[in-house]
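S.K.: Following this message is one structure expressed as structure tokens.
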Amino acid sequence: MEKGKIVIIDDDIIFSKKLKKQLLKYFNEDITIIDFFDWSFINANKIDLLFLDIELGKNDNIDDEVNGIEEAIKIRNLKRWDIEIIFITSHSNFITSSFDAGPAYFINKSDVNEKLPRAIETLKRKGFRKEKIVKIGDQSVNIDDIVFVSSAKHYVYFKSRYQDSNIKLRMTLNQVEELNIASFARIHKSYMVNMIFIKKKYIDRVILFDDRQLRVSRKYRETFKKEYISAKMEGLI
């Protein structure tokens, strides 16, 4: 698997250089620093990890202040869930509003020495840069690419975030459930969902990263609720 870049986007260059120095203790590679939000760079590069300031000031060609949370949500709307985002800011009051962007962590700049090791540990628990390959039948399936699994008659369909990578296998959904894949949860007799792709959760349905909706049946609501909270607490999603 091709390794992507680690990028810091912050208009405070002094802080960015200090953060880069600390990151080099964990990552033996070049780390890119950019002092403004550059969509051309985002679109042109494979990025594994993005440290993103929330208050980015003004770009040369934009009159309004650039908000890192809003830009991160745009990244998610483009289905770029392959980028782990860690917000960095001087103001903790942005924590709640950052949730819609699905960040891996939130670091207050004044606490970076304490919080950065915790953020890196969270990334490790989430399997950062590790392909999660599961052998199912005669197929090798990268679990992080599977959005949900559906069943019909004697087959199950692994729906990938990449349209040309869907997998059809002759088996039951119960057999998939028995694999005990940590980020997968049963929500319906005909569906399992990979919780990392859930954008919003309601009692009776979930909304996925691409705005598709899956129904949560009454039978599975309580179990799914517990599994979802547990996955959140363990940093799996």
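Bear in mind these aren't lab numbers, they're just calculated from the coordinates by the rules spelled out. As the structure is a computational prediction, the values presented were derived from the model and not from experiment. With ideal geometry, Cβ positions are generated from the backbone for all residues, glycine too; neighbour counts draw on all protein chains shown.
S.K.: Which angle between 0 and 90 degrees, to the nearest 10, do you get for helix 13-23 versus the longest principal axis of the chain when only C-alpha atoms count?
M.R.: 50
S.K.: In addition: Show me, for region 179-187, the HN-Hα J-couplings you get by feeding each phi into the Karplus relation (A = 6.51, B = -1.76, C = 1.60, θ = phi - 60°), rounded to Hz, glycine and proline as x.
M.R.: 6, 6, 6, 4, 8, 9, 9, 7, 10
S.K.: Which of the lysines could a cross-linker bridge to LYS225, judged by Cα under 19 Å and excluding same-chain residues fewer than eight apart?
M.R.: LYS189, LYS199, LYS200, LYS201
S.K.: If you place +1 on the Cβ of every Lys and Arg, -1 on the Cβ of every Asp and Glu, and leave all else neutral, what size is the dipole of region 78-237 about its Cα centre, to the nearest 20 Debye?
M.R.: About 500 debye.
S.K.: Now for a different question. Starting from the alpha-carbon convex hull of region 60-209, give the projected area averaged over all orientations, in nm².
M.R.: For region 60-209, averaging the hull's shadow over all directions gives 11.7 nm².
S.K.: Grab the beta carbon distance between GLU222 and ASP111, set R0 = 30 Å, and tell me the FRET efficiency rounded to 0.05.
M.R.: It comes out at approximately 0.25.
S.K.: Compute the relative contact order of the chain as a whole-number percentage, counting only Cα pairs closer than 8 Å that sit 6 or more residues apart in sequence.
M.R.: Worked out over the chain, it gives 12 percent.
S.K.: In what sequence, highest mean first, do 43-53, 134-144 appear when ranked by Cβ atoms within 10 angstrom?
M.R.: So the order, starting with the most tightly packed, is 43-53, 134-144.
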